[in-house]
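The values are calculated or read from the model by the stated rules, or taken from the named source; none is laboratory data. In this text, all values refer to a predicted model and were calculated from it rather than measured experimentally. With ideal geometry, Cβ positions are generated from the backbone for all residues, glycine too; neighbour counts draw on all protein chains shown.
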There are 2 protein chains.
Amino acid sequence: MKTNPRVLFVAAIIGAVAFTSAVTRAADPLPSWNDTGPKQAIIAFVENVTAEGSPEFVPPAERIAVFDNDGCLWAEQPMYFQAFFIFDRIKALAPQHPEWKEQEPFASVLKGDVKAALAGGEKSLLEMAMATHAGMTTEEFEKIVNDWITTATHPKTGKRYTEMVYQPMLEVLTYLRARGFKTFIVSGGGIEFMRPWAERVYGVPPEQVIGSSIKTKFETRDGQPVIVRLPELNFIDDKAGKPVGIQQHIGRRPVMAVGNSDGDFEMLQWTTSGKGPRFGLIVHHTDADREWAYDRESHVGRLARGLDEGPNRGWTIVSMKDDWKTIFPEK
Amino acid sequence: MKTNPRVLFVAAIIGAVAFTSAVTRAADPLPSWNDTGPKQAIIAFVENVTAEGSPEFVPPAERIAVFDNDGCLWAEQPMYFQAFFIFDRIKALAPQHPEWKEQEPFASVLKGDVKAALAGGEKSLLEMAMATHAGMTTEEFEKIVNDWITTATHPKTGKRYTEMVYQPMLEVLTYLRARGFKTFIVSGGGIEFMRPWAERVYGVPPEQVIGSSIKTKFETRDGQPVIVRLPELNFIDDKAGKPVGIQQHIGRRPVMAVGNSDGDFEMLQWTTSGKGPRFGLIVHHTDADREWAYDRESHVGRLARGLDEGPNRGWTIVSMKDDWKTIFPEK
């Protein structure tokens, strides 16, 4: 599949990169990555598509890279971080909802029984999301998210959730942007749950965040226009929904896609089946000591098809244990 | 409502701009505008929010400007240009749809009776849009639009539709981007009808085009993933839908909004009621000689509430006849 000029060009680039980093280590765009295959593949791809005169040069306008969020840019164990937010909101709102004491799944949340609360699967989670994410204006919800994300801490690590982002991925985002890429988040998580902090934490502005959403309505309250969040599903940005969300928001097929679960399979498939150079990357959670180790049997971030088919499709699999020097940013 | 420092600062800027353009005319960012109130107001606003040290400085990330398309960036008479596209598509598809010969509104289109074809109002137009905009992949549709937009000509002027864009607005788009703004289109027109040419004609990339849409579906055909366009309405980006579309796609309230009809009223209202400096602009079609003159009674681009309430809301009204030197770009 690879043409000779490309192989030669890539080889020349890898040589140039190796030479450059021997001269000055500060030039390494991915210092938290071990010098293994995935790091080399990322750099070779980026250099190949951005070097003037490269046979596979991609114009800046087409340099679109999409990243999943949960388990890809930040951790997702023991459950999606947005579920912690939902549970905290249920506790905060309980005084206004006395009926929740008797009503599942809310009753289990209030008793602190996470397992029972999640026993109803996605249907229950959706019900809890609607009850906690709707009924206020977009600006009120933004403030609620901001207050939570700057104070809440993870039950196991004690860190703020935004401290549980992956340092190696922050470096990839920065590297791509320095090379003229636009970086987008394409997540199953709530679009308005990510936007308030994605710019500060990832450098991704709100207009480059794509996610699941509920419907909203424009209206005038006390003479002031507001956008009100409604308890009605608008879009689920997961699995086959991801290419649809990409087309809706970006309107152009990305050249690079990064994910970690089978919920990202269609996004990688859509991205890498376009013409010209494409790059697919899957983060495999293999580090039980520094993070978590899970794949085929996990209730969160299940990864099976990506492992089975990814390599044949030319996708790069990152082993967090072997390929990452650092997991989370140092304070 | 205006504070003294702001008035002084804006006055100083206008003085500086006048001085600069006396020194070098090449510095005029809006050469196709007469030196009347609207041009002065646009420049004063942009200088005010982008000058370092300005009391009303807006950081680059928040410099979001939204523009309607039909009647604002390009003409819209005697009917929306997308309607010409729909009619041409009906004629092209007619051999595959023998039933259209007897079925309204298609029968009238095929007989060339535009008035009868449009007699059913929005419902008929939507039916014709569905019949012509769905049933193919996103890439096939992009090609259809590209083929049409590069060949079809306007029945009155004989120009290509993309030659009927407003030169003064192209200058505003360019000026804003030079000052660090991100420019977005927020149109009632079809999002995938505008994207194929918006970058070439307006300098607005597909990810900054917001419009009405139909639903789509990701699937695999002959082993290749495709996104298929479905004959089902997804979103109408008009009137109260415009602030909703802005929030969905941008996630941040714009600081500047430009429209021309009452379909843009809520977008201007939402934009200009935010805190800090805001700018609302309405293009009033007053030039029957060089373009068209219409407002309160027009079946396309009706403008009444904007004229009645706009000035009190601090919005600037542009009279095409009095404020624009040029309408369409010179070849």
### Message
Of the conditions (1) in contact with a Ser or Thr (Cβ under 9 Å, 6 or more places away or on another chain); (2) farther than 30 Å from B:Val244 by Cα, B:Gly280 satisfies every one except a single condition; which number is it?
### Response
(2)
#### Entry: Matching entry among B:Gly306, B:Gly263, B:Gly245, B:Gly280 (being at pLDDT 95 or above and not in a helix (DSSP H, G or I))
B:Gly280
### Message
Restricting to region A:30-46, name every residue that is over 22 Å from the mean Cα position of the chain (by Cα) and closer than 15 Å to A:Arg177 by Cβ.
### Response
none
### Output for region B:266-277, where each listed residue is crowded, with 18+ Cβ neighbours inside 10 Å and outside any helix (DSSP H, G or I)
B:Pro277
### Message
Whether any residue in region A:149-167 is surrounded by fewer than 14 Cβ atoms within 10 Å (Cβ to Cβ), assigned to a helix (DSSP H, G or I) and of a type in the set (Asp, Glu) is what I want to check.
### Response
no
### Qualifying positions in region B:214-229 - buried (at least 19 other Cβ atoms within 10 Å of the Cβ) and more than 7 Å from chain A (Cβ to nearest Cβ)
B:Ile214, B:Val226, B:Arg229
### Task
Pull up region A:230-242, narrow it to residues that are within 10 Å of another protein chain (Cβ to nearest Cβ) and in a strand (DSSP E or B), then point me to the one that is nearest to A:Asp70 (Cα to Cα).
A:Phe235
### Query
Which of (1) in a loop (DSSP other than H, G, I, E, B); (2) under 22 Å from A:Ile185 (Cβ atoms); (3) more than 14 Å from chain B (Cβ to nearest Cβ) does A:Arg252 not meet, given it meets every other one?
(3)
### Query
When you scan region A:306-321, how many residues do you find that are over 15 Å from A:Asn260 (Cβ atoms) and either not assigned by TED's automatic domain parsing to the domain that holds A:Ala288 or not charged (D, E, K, R) (or both)?
3
#### Entry: Members of region B:191-224 found to be on the phi > 0 side of the Ramachandran plot and either in a helix (DSSP H, G or I) or in contact (Cβ under 8 Å) with a residue 12 or more places away in the chain (or both), listed by number
B:Gly203
### Task
Please go through region B:189-200 and pick out each residue that is surrounded by fewer than 23 Cβ atoms within 10 Å (Cβ to Cβ) and out of contact with any strand residue (DSSP E or B) (no Cβ under 6 Å at 6 or more places or on another chain).
B:Pro196, B:Trp197, B:Glu199, B:Arg200
### Task
For region B:29-42, indicate whether the set of residues that are among the hydroxyl-bearing types (Ser, Thr, Tyr), modelled with pLDDT under 95 and either in contact with a Phe, Trp or Tyr (Cβ under 8 Å, 6 or more places away or on another chain) or not in a helix (DSSP H, G or I) (or both) is non-empty.
no
### Summary
Conditions (1) touching a residue at least 60 places away in the same chain (Cβ under 8 Å); (2) over 27 Å from A:Gly263 (Cα atoms) -> A:Phe85 fails only (2)
### Query
Hey, B:Phe181 hits all of (1) within 9 Å of chain A (Cβ to nearest Cβ); (2) more than 19 Å from B:Arg160 (Cβ to Cβ); (3) buried (at least 23 other Cβ atoms within 10 Å of the Cβ) but one; which does it fall short on?
(1)
### Message
Of the conditions (1) surrounded by fewer than 21 Cβ atoms within 10 Å (Cβ to Cβ); (2) free of Cβ contacts under 8 Å to residues at least 24 places away in the same chain; (3) not polar (S, T, N, Q), B:Gly251 satisfies every one except a single condition; which number is it?
### Response
(1)
### Query
In region A:97-116, is there at least one residue being away from every other protein chain (no Cβ under 14 Å), in contact (Cβ under 8 Å) with a residue 12 or more places away in the chain, among the β-branched types (Val, Ile, Thr) and surrounded by 14 or more Cβ atoms within 10 Å (Cβ to Cβ)?
yes
### Query
Restricting the search to region B:273-286, which residues are in contact (Cβ under 8 Å) with a residue 40 or more places away in the chain and within 23 Å of B:Ser187 (Cα to Cα)?
B:Phe279, B:Leu281, B:Val283, B:His285
